[in-house]
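Please read the structure below before turning to the comments.
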Amino acid sequence: MAMNRPRPKLPVLWHSLSARLLVLTIAFVMVSEVLIFVPSIASFRLKYLEERLAAANIAVLALLATPDAMVSDELEMELLSQAGAYVIGMKRPDGKKLMLGMEDKVPAIDAQFDLRQHGLFRSVRDAVVALVQGRNRILRVVGVSPRHNETEVEIVIDEAPLHDAMLDYGAQILAVSIVISLVTASLVYLALQWWMVRPIRRMTESMIAFRGDPEDLSRPLRVERRSDEIGVAQAELAEMQAGLRASLQQKTRLAALGTAVTKISHDLRNMLATAQLVSDRLVSSADPQVKRAAPTLVAAIDRAVDLCTRTLDFTREGPVRLDYRRFALKGLIHEIGADGFANGKTELVDAVGDIELEADRDQLYRVLANLVRNASEAGAVEVTVSAATEGERVIIEVRDNGPGLAPRARQNLFTPFAGSGRAGGSGLGLAIARELAHAHGGDLSLVSSDAGGTLFRIDLPARRPAA
Ligand SMILES: Nc1ncnc2c1ncn2[C@@H]1O[C@H](COP(=O)(O)OP(=O)(O)OP(=O)(O)O)[C@@H](O)[C@H]1O
Ligand SMILES: [Mg+2]
């Protein structure tokens, strides 16, 4: 049975809930960092290009200081290298154009970007292309002067420095992400560890210990004062353990009591058998006083022996085994009448009609005989057994016109040994009868009982239930 299964161990650390939570937290933080990383590297690239345009803008303004918008070749080279560009061009709103560098000396242009038009998708796409680009591309970038929106600035630059700067920036973000995810993960881990994993572990340990030895009271589950799900689970578990423990103890005691009762009944029956032998001889005594008292004595001893026998039968009887067969109720009722279960003062009326059913005939005999005998013992003049089919079930009713149930009997009617309301009764008859009805998949119940009589009802399946 379940008790024989090997006791489970708590999982090792890397299989534990805590470790899984830790890994998941780190993964989730990394995912959210990536979601932040992509747009931020795109905006980094845009800023970089804008700064280059701004620097080029200042460089080209130097031309304005000269009368003919011309500078020496050396100065021109100097200005261009300061701005990091091959060519710088500017178109002012008045139509005036300024230019640094020779367009014919510029290498072929690989890509063009206009910073005046940049949507999120386009800038993300351009940034990703720039990042994965292996070779140095020559870029032509067009934008506006940072000072004057109408002034158009244009530069031709290498992409390699931009690529390097983006890589640097990415590395920085990666480092920051790792730090953030480690810190967050540790905090989340500690919080979960404290709030969930630790109490769940304690509950698991308690369950394992309880299964190992349910009666061990030394380590009760400590219930925390918290109103969340875990608090409720702890309280319920503690309650359940206490309840189970109590009923287990009670069952153990009852089992011991049962064994004692069996022993006592057994020995008592042997002693009574001796008394029975002696009392039988008293009946034929010459002393008229002894002779007169003897029958009462014999009857009392007989009843006591009977009680012992039935108690022993009850404690020894195992689970009911049913031997199904099809039969008519009428014959069964006749048999009960003929066997004298309704004593001489009671008439057994058969009103079962032609009803047939599939059941264990001997066991149903016991059920009905118990009910008829009870009615007869209670002093009923007439006991009527009637039957009817209701769909797939057969309903048998046993009605008598006796005095009704005594209050004591009514309270514990189907409890073994507890429901007897008459001298010499063991209080087993109805308990056994109901057990037999249950074994058939049916039920035995008290419908009514008053000074005018008592009605019991047996409800059985008409056919043997499919296996
Ligand atoms: N038809 C009835 N009319 C009045 N009282 C009844 C009737 N049936 C049962 N009782 C009461 O219910 C009690 C319990 O019945 P039950 O058959 O379980 O035990 P018992 O008759 O006392 O003992 P046993 O049947 O084991 O000899 C009876 O003692 C009796 O007082
Ligand atoms: Mg009885």
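Between Asp68, Asp110, Asp73, the distinction of being within 20 Å of Asp164 (Cα to Cα) and free of Cβ contacts under 8 Å to residues at least 60 places away in the same chain belongs to Asp110 only. Filter the stretch 392-406 down to the residues that are more than 16 Å from ligand 2 (Cβ to nearest atom) and touching a residue at least 60 places away in the same chain (Cβ under 8 Å), then identify the one that is nearest to Gly344 (Cα to Cα). Per the criteria, the residue is Glu397.
With respect to Leu75, is the statement that it is in a helix (DSSP H, G or I), open to solvent by 60 Å² or more (accessible area, probe 1.4 Å) and aliphatic (A, V, I, L, M) true? Taking the combined requirement at face value, the residue satisfies it. Looking at (1) among the aliphatic types (A, V, I, L, M); (2) out of contact with any helix residue (DSSP H, G or I) (no Cβ under 6 Å at 6 or more places or on another chain); (3) assigned by TED's automatic domain parsing to the domain that holds Glu50; (4) modelled with pLDDT of 90 or more, can you tell me which one Met166 breaks? Every listed condition holds for Met166 apart from (2). For the stretch 411-433, a residue qualifies if it is under 21 Å from Val447 (Cβ atoms), more than 6 Å from ligand 1 (Cβ to nearest atom) and not aliphatic (A, V, I, L, M), and the qualifying residues are Gln411, Asn412, Phe414, Thr415. Summed over the stretch 183-207, residues that are within 23 Å of Glu239 (Cα to Cα) and open to solvent by less than 50 Å² (accessible area, probe 1.4 Å) total 5.
Among the residues of the stretch 293-318, just one is away from ligand 1 (no atom under 15 Å from the Cβ), within 26 Å of Glu435 (Cβ to Cβ) and in contact (Cβ under 8 Å) with a residue 12 or more places away in the chain, namely Arg316. Inside the stretch 276-299, can you point out the residues that are assigned to a helix (DSSP H, G or I) and open to solvent by 70 Å² or more (accessible area, probe 1.4 Å)? Passing the criteria: Leu277, Val278, Asp280, Arg281, Pro288, Gln289, Lys291, Arg292, Pro295, Thr296, Leu297. Against the test of being within 13 Å of ligand 2 (Cβ to nearest atom), hydrophobic (A, V, I, L, M, F, W, C) and either surrounded by fewer than 17 Cβ atoms within 10 Å (Cβ to Cβ) or closer than 21 Å to Leu329 by Cα (or both), the options Ala378, Ala433, Ala409 yield a single qualifying residue, Ala433. Open to solvent by less than 70 Å² (accessible area, probe 1.4 Å), within 16 Å of ligand 2 (Cβ to nearest atom), touching a Pro at 6+ places or on another chain (Cβ under 7 Å) and over 24 Å from Phe327 (Cα atoms) - does that describe any residue in the stretch 436-446? For the stretch 436-446, residues open to solvent by less than 70 Å² (accessible area, probe 1.4 Å), within 16 Å of ligand 2 (Cβ to nearest atom), touching a Pro at 6+ places or on another chain (Cβ under 7 Å) and over 24 Å from Phe327 (Cα atoms): absent.
For the stretch 164-178, indicate whether the set of residues that are under 26 Å from Asn57 (Cβ atoms) and of a type in the set (A, V, I, L, M) is non-empty. Yes - at least one qualifying residue is present in the stretch 164-178. For the residues Arg135, Arg226, the requirement of being open to solvent by 70 Å² or more (accessible area, probe 1.4 Å), without any contact (Cβ under 8 Å) to a residue 12 or more places away in the chain and part of a loop (DSSP other than H, G, I, E, B) singles out Arg135.
The values are calculated or read from the model by the stated rules, or taken from the named source; none is laboratory data. Model, not experiment: these values are computed from the prediction. Heads up, the Cβs are rebuilt from the backbone with ideal geometry, glycines too, and the neighbour counts pull from every protein chain shown. Please note that ligands, DNA and RNA were not included when accessible areas were found on the heavy atoms of the full protein model with its side chains. Shrake-Rupley method; radii C 1.70, N 1.55, O 1.52, S 1.80 Å.
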